[in-house]
Each structure stands twice: as structure tokens, then as C-alpha cells.
Amino acid sequence: DNPMMLAPAKPVPSVEIAPSVLMPMLSFGITMQHSLFLALGGRGLDTAFDYGDKYQAELGRAVATSGLPRSAVFVTTKVPCCASSFVKDDVYSNHCHARRSPEETAADVAHNLSVLGMPFVDLLLMHWPCDSTADTVATWRVLERLALDGRARAIGVSNFNASAIESLLPHVKVRPAVNQCGFSVAGHSGIR
């Protein structure tokens with residue numbers, strides 16, 4: 001009856017998102033059950049600055065105590081792009097109420113890595129676009145620099161629509177590896 005004694009599932013297929021960076025096609029997000037997911041054979045874990053330290057720390061502990069080499073687990077985290085109407089009336093609006101500087105974005109990433117207890121993540125995402133293209137580009141440039149510094153193996157965006165991506169692409173040196181769009185079997189609060 002111990003869930004940790006269940007047989008692991010078949011490996012989840014992966015896709016190459018950047019040179020030598022294989023991302024599982026399925027990742028496990030905002031929850032306190034990352035250890036169970038890893039024990040059942042899952043290898044993709046997802047978190048974000050705005051999910052809070054409690055969730056990020058639990059994810060970091062799950063990886064550290066899993067018995068798996070760090071290279072066997074794919075960790076994604078996200079940082080906000082502020083100011084953004086994307087987060088209007090959302091749980092993140094307290095953090096993202098004003099424009100944030102590149103230094104603050106770099107500090108958000110450093111905070112994520114510290115709480116996770118990891119020197120790098122496999123995928124670092126901009127959680128949503130800023131209200132202005134200039135602010136989105138400034139935030140993206142921070143992600144590019146952090147990738148070059150080895151803090152992320154790949155970088156990308158999350159929750160971008162086509163026009164937000166089209167406005168970003170002419171300004172990038174490193175193209176986004178992914179546009180992560182949420183999908184949940186049961187987590188659709190407020191949708192009617």
C-alpha cells in the first residue's frame with residue numbers, strides 16, 4: 001500500500017529542444033508530490049519563482065533525495081516578466097505590479113537556484129510576456145546571459161501568444177527553445 005513501492009512507469013518520450021538538451025514530453029508541476037512522481041518513473045519537474053519557495057524547495061529536496069543522478073532529472077523553472085497585464089487578478093499580481101529591472105530578473109533566477117539547491121536548471125523560462133516589447137526583450141536578454149553563464153541549459157518562454165513571440169524574435173540572439181503552454185487533467189479553476 002506504500003505508493004513508493006509501485007512499479008515505475010515506462011520512460012516518457014523526450015524531445016531535443018537545444019543541442020544535447022533532451023526534455024521529457026511530460027513534466028510534473030505545482031504540487032508537493034515530486035518525490036512520488038520521480039519514484040514512479042517521471043523525470044520532468046516544473047516550478048516557478050511565483051509558485052513560491054515552499055514548492056521550489058520541495059522540488060529541490062525531491063531531486064536531492066531521489067537517488068537519481070542530477071542528469072537524469074529535467075528541471076524547469078520560470079521567472080516573471082513585469083509589468084504584465086497577463087497576471088491581472090491572478091495570484092502573481094502582488095509580485096508583478098511594476099516594471100522589474102534586468103538586475104531584479106537576474107536576482108529572481110539566483111533566488112530560484114538557491115531555493116532549489118541547484119547550480120543550474122535544464123530549462124529557464126520567461127513566465128509570460130511583459131506589457132511592452134522593450135521590457136520583454138530586456139528580460140529575454142537576461143535569460144540569454146544566464147544561459148551563456150551555465151545557469152540554464154536551454155531558455156524559452158511560457159504563455160506567449162503568436163504576436164508576443166513574433167515581436168520578440170527579431171531581437172534575440174538565442175531563439176526560445178520552447179513556448180510552454182499549460183495543460184492539466186484537473187487544474188482548470190475558473191474555466192466555465
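Counting only other residues whose beta carbon sits under 10 Å from that of residue 125, what net charge do I get with K and R as +1, D and E as -1? Write down the numbers at each step before the final one.
Values: positive: 78; negative: 46.
Value of the local net charge: 0.
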Would you kindly state how much longer the chain becomes between residue 134 and residue 181 on full extension, computed as 0.36 nm times their sequence separation minus their alpha carbon distance, in nm to one decimal?
14.7 nm
Given points 7 Å out from each Cα along the Cα-Cβ axis, report the residue 166 to residue 57 separation in nanometres with one decimal.
4.5 nm
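Ranked highest first by average number of other Cβ atoms within 10 Å, how do 45-55, 100-110, 120-130 line up?
Descending packing order for the listed peptides: 120-130, 45-55, 100-110.
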Taking the Kirkwood radius as the inverse of the mean 1/r across Cα pairs, report the Rg/Rh of the range 108-170.
0.99
Can you tally the net charge around residue 78? Count Lys and Arg as +1, Asp and Glu as -1, for every other residue whose Cβ sits under 9 Å from the Cβ of residue 78.
-2
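Calculate, in nm to one decimal, what residue 32 and residue 107 gain on full extension: separation in residues at 0.36 nm each, minus their alpha carbon distance.
Working: separation 75, 0.36 × 75 = 27.00 nm, distance 2.46 nm.
Gain in length upon complete extension: 24.5 nm.
Every number in this text was worked out from the coordinates using simple rules, so none of it is lab data. The shown structure was predicted, so the numbers you read here are calculated from the model rather than taken from an experiment. Don't worry about glycine lacking a Cβ; one is built from the backbone with ideal geometry, like all the others, and counts go over all protein chains shown.
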